[in-house]
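K.L.:
There's a structure below that I have some questions on.
The values are calculated or read from the model by the stated rules, or taken from the named source; none is laboratory data. Nothing here was measured: the structure is a model prediction, and the numbers come from that model. Because the Cβ atoms are built from the backbone with ideal geometry, glycine has one as well, and the counts that use them run over all protein chains shown. In case anyone asks, the SASA skips ligands and DNA or RNA and just uses the protein heavy atoms, side chains included. Shrake-Rupley method; radii C 1.70, N 1.55, O 1.52, S 1.80 Å.
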Amino acid sequence: MTIDIAAAAPKTTYAASQKVLHWSLAVLILLAAGIGTWCAFQAPGTEPRKSLLDIHKAIGLTAVWLVALRVVVRARLGEPPYAVAPGALAHAAARAVHAALYGAMVIMPVSGYVYSCAGGYGLPWFGLFTWPRLLARDEALSHAGYLIHHYVGWALW
């Protein structure tokens, strides 16, 4: 009698759906960050800055929905065990960084939404529709959203 060791060993990789969400978000975040960074060095109100910021916002708002989906999928499927267990400190550090990245993936689009919405700026989604403004125009709130978006964005870079 032979034993299939591979079948008996626990799977140490994420599910395909988790990998697709991971890499989709990675691409969207890098695109949004690149576009946002380039726009930060362009004169306000000029083209192509205005058009690129609309794309930046659409990417960010798409990302926040994918993050929500990713959290649901992660809660449902969990995570695979480590192939080789790390030490307690390395494990704690990995958890902390993971939590910080998830936090940033939520804070960035939410603060961008607050900045745009409270600032009276448009929130188009790839020219198909405009996201509703759930906040009244408020310059102080818009500025707070901008500061959070700006500094968390640079921290992520």
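K.L.:
Examine segment 56-63 for a residue that is modelled with pLDDT of 95 or more and within 18 Å of Gln18 (Cα to Cα), and state whether such a residue exists.
P.N.:
Yes, segment 56-63 contains at least one residue that is modelled with pLDDT of 95 or more and within 18 Å of Gln18 (Cα to Cα).
K.L.:
Pick from segment 69-111 the residues that are open to solvent by 60 Å² or more (accessible area, probe 1.4 Å) and touching a residue at least 60 places away in the same chain (Cβ under 8 Å): which of them is farthest from the chain's Cα centre (by Cα)?
P.N.:
Among them, the one singled out is Ala83.
K.L.:
Mind listing whichever residues of segment 138-157 are open to solvent by 70 Å² or more (accessible area, probe 1.4 Å) and under 17 Å from the mean Cα position of the chain (by Cα)?
P.N.:
Of all residues in segment 138-157, those open to solvent by 70 Å² or more (accessible area, probe 1.4 Å) come to 139-140, 143, 146, 148, 151, 154-157.
Of everything in segment 138-157, those that are open to solvent by 70 Å² or more (accessible area, probe 1.4 Å) and under 17 Å from the mean Cα position of the chain (by Cα) turn out to be Tyr146, Ile148, Tyr151, Trp154, Ala155, Leu156, Trp157.
K.L.:
For the condition in contact (Cβ under 8 Å) with a residue 60 or more places away in the chain, open to solvent by less than 70 Å² (accessible area, probe 1.4 Å) and out of contact with any Pro (no Cβ under 7 Å at 6 or more places or on another chain), what is the one hit in Leu135, Leu66, Leu123?
P.N.:
Criteria check complete, one pass: Leu123.
K.L.:
Oh, and also: The conditions are (1) outside any loop (DSSP other than H, G, I, E, B); (2) modelled with pLDDT of 95 or more, and Trp154 fails exactly one of them. Which is it?
P.N.:
Result: Trp154 passes all but (2).
K.L.:
Continuing with this model, one more query. Could you list, in sequence order, the residues of segment 101-130 that are in contact with a strand residue (DSSP E or B) (Cβ under 6 Å, 6 or more places away or on another chain) and part of a loop (DSSP other than H, G, I, E, B)?
P.N.:
Scanning segment 101-130 gives a single hit, Leu123.
K.L.:
Further, regarding this structure: Just to be sure I understand the filter: pairs with C-beta atoms under 6 Å, separated by 6 or more residues or on different chains, first member in segment 28-48 and open to solvent by less than 40 Å² (accessible area, probe 1.4 Å), second member at pLDDT 95 or above and of a type outside the set (A, V, I, L, M, F, W, C). Which pairs pass?
P.N.:
The qualifying pairs are Ala32/His56; Ala32/Gly60; Ile35/His56; Gly36/His56; Cys39/Arg49.
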